[in-house]
Amino acid sequence: MNQELEILYEDNHLFAVNKKVSDIVQGDKTGDISLDKKIKAFIKTRDHKPGEVYLGIPHRLDRPVSGVIIYTKTSKGLSRMNEIFREKEVKKIYWAIVKNKPEKVSGTLEHYIRKNQKQNKSYLHDKEVTGSKLARLSYQCIGASDNYYLLEVDLHTGRHHQIRA
């Protein structure tokens, strides 16, 4: 089981792993085995736990995204991490590879975004529309190849599929 998990950090309260593309952070309607279930099984086996293993989820990353995911091993750890995320004491940096060259090397984008539940997609609008929410991010182009550009993205709002939209 440990071969499937790239454990980055662990202590009495936290468990951080590298989430691979296509992993899901927690169970969903697909029924695919989620990362939290893999971690629970790993801890249960490694630590010879007789009962259920507690694992809190203070944040998520979408399925097609890779990156660091922090889980909590205690409810106290979850409360503290929820507060840290709520107060924006955690700095999250996103990297996105895009095909089209941005008009500017860096900038701030502000749109209204509306989620389509049935399609599980979000759509951008220049003006507010029914059911939309303000979405704001800053970006900087930090690399390029012949065909693609690497952007560093700082989300000011955390809307559904905001970077992809």
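The values are calculated or read from the model by the stated rules, or taken from the named source; none is laboratory data. All values reported here derive from a predicted model rather than from experimental measurement. Positions of Cβ are backbone-derived with ideal geometry, glycine not excepted, and every protein chain shown enters the neighbour counts. The accessibility values were calculated without ligands, DNA or RNA, using every heavy atom of the protein model including side chains. Shrake-Rupley method; radii C 1.70, N 1.55, O 1.52, S 1.80 Å.
Observations, loosely collected:
- Of residues in the range 111-148 being more than 20 Å from Arg63 (Cβ to Cβ) and charged (D, E, K, R), the one least open to solvent (accessible area, probe 1.4 Å): Arg136
- Considering only residues in the range 33-62 that are touching a Ser or Thr at 6+ places or on another chain (Cβ under 9 Å), open to solvent by less than 70 Å² (accessible area, probe 1.4 Å) and part of a loop (DSSP other than H, G, I, E, B), the one that is farthest from Asn120 (Cα to Cα) turns out to be Leu55.
- Looking across the range 65-83, the residues that are of a type outside the set (Phe, Trp, Tyr), under 15 Å from the mean Cα position of the chain (by Cα) and either open to solvent by 80 Å² or more (accessible area, probe 1.4 Å) or closer than 17 Å to Leu5 by Cα (or both) come down to Val65, Ser66, Gly67, Val68, Ile69, Ile70.
- Failed item in (1) touching a residue at least 12 places away in the same chain (Cβ under 8 Å); (2) out of contact with any strand residue (DSSP E or B) (no Cβ under 8 Å at 6 or more places or on another chain); (3) more than 24 Å from Ser145 (Cβ to Cβ); (4) part of a loop (DSSP other than H, G, I, E, B), with Ser22 passing the rest: (3)
- For Leu151, the test of being loosely packed, with under 15 Cβ neighbours inside 10 Å, in a strand (DSSP E or B), in contact (Cβ under 8 Å) with a residue 24 or more places away in the chain and of a type outside the set (Lys, Arg) is failed.
- Residue match in the range 67-89 (condition: in a loop (DSSP other than H, G, I, E, B) and in contact with a strand residue (DSSP E or B) (Cβ under 9 Å, 6 or more places away or on another chain)): yes
- Residue within the range 79-99 that is of a type in the set (S, T, N, Q) and farther than 23 Å from Asp32 by Cα present: yes
- Single residue of the range 1-19 satisfying the filter (assigned to a loop (DSSP other than H, G, I, E, B) and not hydrophobic (A, V, I, L, M, F, W, C)) that is least open to solvent (accessible area, probe 1.4 Å): Asp11
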